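*Asks:* The structure follows.
Quick note: the coordinates plus some simple rules give every number you see, no bench work behind them. Not measured: the values here are computed from a predicted model. Methodologically, a virtual Cβ is constructed for each residue, glycine included, from the backbone with ideal geometry; neighbour enumeration extends over all protein chains shown.
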Amino acid sequence: MLREYVLEDFGAVHSFASDPRIARFVDWGPNTEDDTRAYLEGCIAAQEASPRTVFALAIALPGGRPVGSVGLTLDEQQRGHLGYVVGVDHWGRGYATEAATCLLAHAHNTLELDLIEATCRPANMASARVLEKIGMTFTGVRPRDRFVGGQWSDSLVFAAGSSSSEPPSVDLF
């Protein structure tokens, strides 16, 4: 289930956001407690923004405990940037695929974005497979695009546009 974040999610979010096994693929973390608190406060502030340009949602199990995050950020050109992270204990269960599918559908069907982009590190083949499964197309490599783990890393770039196959219709909110 996807839902908005609340401050009470701190413990669950910090448990995956502080994990160095996740940080090896992203340009943040492992989070300190202050980092996690700032992230949650930013998510909650974004919920009230008008127009809303940041959709950062908890990937939650029944009962509501977050096991990951999925996000969509709109840039000045009204293009979407999709990202997700799932706690290591929940890898390989399809949560990232399901969550990213829903947010991609929301980007197309509700926000009517023409272009949604996502990136991942070349070593993160599981994430690349998720992006392919949700209908995004590999468009190239951005060399030395992100500073990850103390060094510059390339990014694999994936995109989905209005000309690609229609995503499923979902009600996100």
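*Asks:* Please give the contour-minus-distance gain from Arg79 to Lys133: 0.36 nm per residue of separation, less the Cα-Cα distance, rounded to one decimal in nm.
*Replies:* 17.4 nm
*Asks:* Give me the Å³ per residue figure for the convex hull around the C-alpha atoms of the chain.
*Replies:* Residue-normalised Cα hull volume stands at 116 Å³.
*Asks:* Moving to a separate point now. Multiply the residue separation of Asn109 and Arg52 by 0.36 nm, subtract the distance between their alpha-carbon atoms, and state the gained length in nm to one decimal.
*Replies:* Value of the extension gain: 19.0 nm.
*Asks:* Could you pull out which residues in region 37-59 have an amide N less than 14 Å from a spot 7 Å beyond the Cα of Val6, following the Cα-Cβ vector?
*Replies:* Inside the label zone: 44, 58.
*Asks:* Then there is this: Dipole magnitude of the chain about its Cα centre, charges +1 at Lys/Arg Cβ and -1 at Asp/Glu Cβ only, in debye to the nearest 20?
*Replies:* Roughly 580 debye, rounded to the nearest 20.
*Asks:* Largest first and in whole Å, what are the equivalent-ellipsoid semi-axes of region 94-142 based on the Cα gyration tensor, each being the root of 5 times an eigenvalue?
*Replies:* Each semi-axis is the square root of five times an eigenvalue, giving 19, 14, 7 Å.
*Asks:* Further question: Where in region 74-91 does the label zone of Arg142 land, with the point 7 angstrom along Cα→C-beta and an amide N cut-off under 19 Å?
*Replies:* Backbone N within reach: 74-85.
*Asks:* Please find, in a Gaussian network model of the chain (springs between Cα atoms separated by less than 10 Å), the residue of Ala159, Ala56, Ala46 whose mean-square fluctuation is greatest.
*Replies:* With Cα springs under 10 Å in the chain, the top fluctuation among Ala159, Ala56, Ala46 is at Ala46.
*Asks:* What's the ranking of 58-69, 95-106 by average number of surrounding C-beta atoms within 10 Å, highest first?
*Replies:* In descending order of packing, they fall as 95-106, 58-69.
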